[in-house]
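The next block holds one structure in the form of structure tokens; read it before the comments.
Read-outs throughout are calculated quantities, based only on the coordinates presented, and are distinct from any laboratory measurement. Quick caveat: nothing in here was measured; it's all calculated off a predicted structure. Cβ sites come from the backbone with ideal geometry, for glycine too, and all protein chains shown count toward neighbours.
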């Protein structure tokens, strides 16, 4: 019974690890960057053929980091890995002046891809420890970063050997993820006082058509309530979310989430069903906003959202 709270959360917000793809030309230091993030140390590497993937844990947030091969013949395969990405890290060899324009072309080509439409772009100005390295300002100009209009971007001076600059980047990434959790927490914390009470928990769950007993609600609080004060603070909520990101069965949780919206269980989410769920959660939306949400997910154009469309939408969040 104690797992009910996390289950109700994932019915609404199925969570995956925060996915990051790492691109760059060969010899830029992508793989060294990956293993410095993953292990905290420098390892001997060879040119990446295809991809490497590792889990990086920082401030209790789990990141799934994909290192993509940078050789010219491999760059066309990058698009295979874009779907579901939350952030793109472009690793730049700050000493490679001869090929900076090639990286510029690759960067702007990939930013046109639909699967990266809302992805945050982080530029690692690597090898800053070398005396002939271009400065971040020089790299910004060479890559024309200021002309990027549809993506949030940031450039960071760094060194994959020493790890200098990595903490700043990871702080930025974890802040983005924690902000998403904060928004979710506010759905439960109706009065905005920074804690979820038993009554607030009951309100949200009952708005979704469930009717837990008082004892079940208390069990749900106890699962998360580390300090034993009878409420759930954000740090406790964050611990739960981080744990469930690792444990959850994505497809099963997506199906449970779909059922919350698909009230008549006909296999489709209509605009009316979406509006009703959002109203029950206290989210005020106009008819136009609801229809826009349906339109964004409705790839076959039938005016409603089936499970496959719902899955694609949620996996891209």
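I'd like the Kirkwood hydrodynamic radius of the range 20-128, using the inverse of the mean 1/r over distinct C-alpha pairs, in Å.
Every distinct Cα pair counted, the radius reaches 14.1 Å.
The modelled label-to-label distance for the pair residue 80/residue 198, using points 7 Å beyond Cα in the direction of Cβ, is 5.4 nm. A crude spin-label estimate for the pair residue 112 and residue 286, with each label 7 Å from Cα along the Cβ direction, gives 3.3 nm.
Just check the range 251-312 against the gyration tensor rule for me: Cα atoms, a ≥ b ≥ c as the square roots of the eigenvalues, rounded for a/c under 1.5, and otherwise prolate or oblate depending on whether a/b exceeds b/c.
On the way: a/c = 1.80, a/b = 1.17, b/c = 1.53.
Cα axes put the range 251-312 in the oblate bin.
Counting helices only, and only those DSSP H runs with n ≥ 4, report the 222 nm mean residue ellipticity of the chain as the sum of -39,500 (n - 2.57) divided by its residues, in deg cm²/dmol to the nearest 500. Please report the intermediate quantities before stating the final value.
Numbers: 12 runs with 137 residues, N = 317.
Value at 222 nm, helices only: -13000 deg cm²/dmol.
Extension gain for residue 176 to residue 97 (0.36 nm times residue separation, less C-alpha to C-alpha distance): 25.2 nm.
The ellipsoid equivalent to the alpha-carbon distribution of the chain has semi-axes of 40, 23, 16 angstrom, derived from the gyration tensor eigenvalues as √(5λ) and listed largest first.
Over all directions, how big on average is the projection of the convex hull of the alpha-carbon atoms in the range 145-190, in square nanometres?
Values: hull surface 18.9 nm².
Orientation-averaged projected area of the Cα hull: 4.7 nm².
Largest first, the three principal axis extents of the alpha carbons in the range 30-75 are 37, 19, 9 Å in whole numbers. Relative intensity of the range 119-232 on a log10 scale, I(q)/I(0) at q = 0.11, 0.21, 0.24 Å⁻¹, equals -0.61, -1.12, -1.32, per a Debye sum over C-alpha point scatterers of equal strength in the absence of solvent.
Under a Gaussian network description of the chain, with springs only between Cα atoms under 10 Å, the residue in 149, 104, 59 that fluctuates furthest is 149.
Per-residue extension of 0.36 nm, minus the Cα-Cα distance of residue 131 and residue 191, leaves a gain of 16.1 nm for this segment.
Given R₀ = 25 Å, FRET efficiency for residue 72-residue 144 by Cβ-Cβ distance, to 0.05? Taking R0 as 25 Å, the efficiency between residue 72 and residue 144 is 0.75.
So in the chain, what percent of DSSP beta bridges are antiparallel if you round to the nearest 5? Spell out each step's value before the answer.
On the way: 12 of 33 bridges.
Expressed as a percentage, antiparallel bridges in the chain total about 35.
Panel values: the range 103-159, Kirkwood radius from alpha carbon pairs, Stokes-Einstein at 10 °C and 1.306 mPa s, translational diffusion coefficient 131 µm²/s.
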